[in-house]
Amino acid sequence: MNTKVKQIFKLTLVAVIILFAANLISGSVDIQGVAEEQLSADNPWFGTAEKEYKPGKMETEEDVLHSRINWAIIVFVLLMTFILANVFDIGKYTARITGRETVNQNNVNRWLMLIFMIVGIIAVAWEYVYHGELILLNDSSSEHGFAYDSMFVITLVLTTIVFIVTQFLLFWFSFKYAHSEDRKALYYAHNNRLEVFWTIIPAIVLTLLILRGHQTWKSIVYARDNYKGKMHHVEIFAYQFGWKARYAGEDGILGNADYKFISGKNELGLAYEPEVDSLLAELKVRIQQDQTAIDTLDRTLKVLERNYKNAEGLRDYTNMESIRKDISAVKNGEMKDELEASIKRKVKQVQRIEAIKKDKAIFASTFTSAAMDDIITQEIHLAKDSLVTFDFRSKDIIHSAWLPHFRVQMNVVPGMPTKFTFRPTKTTAEAKKENGEEFEYYLYCNKICGSSHFNMKIKVVIESQSEVNAWLAKQQPAFIKKKMEAVPTIQTVDSTQMMQKDTTKTLALK
Ligand SMILES: [Cu+2]
């Protein structure tokens, strides 16, 4: 390194240290802290309206202390680096002047290697103990979870042994065989026996691990094929950003569903003819509306321009901005393109639905009566010790259903049905005893799918079969209203009445 570069490096280092120190000192007048304080309800400068404001999580004194300690460590390390760099520099210059080496660089490196190894291994051990709860899992709430966890532990133990041995050899050899004037290095480039040895042993170990994994995966995936008893099927429907569960109604059959049938009132797209008919009619009306909008774009432009003038008179700048955008969208043809694309999409959907309705065989197999009494819920209730298959479906993009406590994860892909079969072995009540009263099982999304991905979850309740049955009996079927015993306010309408109502609406729309 030439002197100029060194000088620049040193100056940068000093600047960074000063900045860190300044930040450390200014911790007491933290800008964010002031903002939070001002918004807090106790502040006399602000009215009672501020009482509603609750910051997500207030920084505790302990947090502040921890962040100060972290900053102090960073400053300390930087200062030490700076001092050591200078010490070595001075040593080098004295050596040049006196002709004697004052600091033996090899010796320093050699001991640093040893210190790095010891500190590193202690840090690894500390991590295992401190975060061991996460690593050495032993609290699975599903049958296959135990096989899964044991695989994890075996892999972890093996890799830890290999890690410790290789790191020890690496650093110990660097320490023991550091450069010395009395020794000459041995030129040793290749050893066939050694190559074979360290290729074959990892190959065998990895093969065994993979075979065990394959075996376990097979036992999970084929559990439903080998099972002779009653299988519970629950459809898990994913959308941005949430989940819905669908249970079979009294007929015990999950009805058909198709993305083409999805509408505001039929969020899961169940194959229920009256609902699909009213969707068809609605689509036709909306196609007509879009067409009319295209035909009257000139008039729309005039109205927009008038609105703009009004907004200008009122100095309503936000409105002006949005109207201005609309005007330019009409002028440059964007509005027309958008409407035409929207018509195209709806025409395609109408064609697809009508194709199903025209083909007698497809119609009969699609529109069975099974979907009518299906139950759509906002929670998943499962019976302990019963085998359940989740049939996954996605409305929009790829999601991933993740039930960490049951060691279950499966991608949920639009247009590609996926499944997962498992047997819960611990009720929510039992898990609460182990983890505290607040504990709940959840199914999360484990694929970053958009802005509210973090909040995409649905509660899972494990209880006895009779409790599940009782809960299901209280849920309303999707399309037939059933009489509720304990809830007298709900009006009861039988399915034929419902269908009549929907047909009249359909006709009215036509
Ligand atoms: Cu998602």
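Some notes on this structure:
- The slack between L186 and R286, meaning 0.36 nm per residue of separation minus the straight C-alpha distance, is 27.6 nm.
- Computed packing ranks the peptides 154-164, 412-422 as 412-422, 154-164, most packed first, by mean other Cβ atoms within 10 Å.
- Shape category assigned to the range 176-257 from the gyration tensor of Cα positions, a/c cut at 1.5: prolate
- Here is the list for the range 217-257: chymotrypsin sites (Phe, Trp or Tyr not before Pro) lying in DSSP coil, each with at most 11 other C-beta atoms within 10 angstrom of its C-beta, are Y222.
- Inter-part distance where the range 264-336 and the range 365-431 are each reduced to a Cα centre, Å: 38
- Computed FRET value (nearest 0.05) for D63 with I164, which takes r as the C-beta separation and R₀ as 45 Å: 0.85
- E305 paired with W126, simple spin-label distance in nm, labels 7 Å along Cα-to-beta-carbon: 7.3
- Gain on full extension, evaluated as 0.36 nm per residue between V108 and N226 minus their Cα-Cα distance, stands at 36.0 nm.
- Förster radius 60 Å - calculated FRET efficiency between R345 and I200, Cβ distance, rounded to 0.05: 0.50
- Projecting label points 7 angstrom from Cα along Cα→Cβ for Q7 and T98 puts them 2.8 nm apart.
- Extension gain from T207 to R352, taking 0.36 nm per residue of separation minus the Cα-Cα distance: 47.3 nm
- Among the listed pairs K10/K184; K218/K360; K284/K459; K395/K459; K265/K426; K348/K474, those whose Cα-Cα separation exceeds 29 Å are K10/K184; K218/K360; K284/K459; K265/K426; K348/K474.
- Nonlocal amide H pairs with Y441, under 5 Å, H built at 1.01 Å: V460
- The value of relative contact order for the range 320-476, using C-alpha pairs under 8 Å at least six residues apart, is 23 percent.
- Here the spin labels are modelled as points 7 Å beyond Cα on the Cα-Cβ line, and at E437 and F173 they lie 6.0 nm apart.
Quick note: the coordinates plus some simple rules give every number you see, no bench work behind them. All values derive from a computational prediction rather than experimental measurement. Positions of Cβ are backbone-derived with ideal geometry, glycine not excepted, and every protein chain shown enters the neighbour counts.
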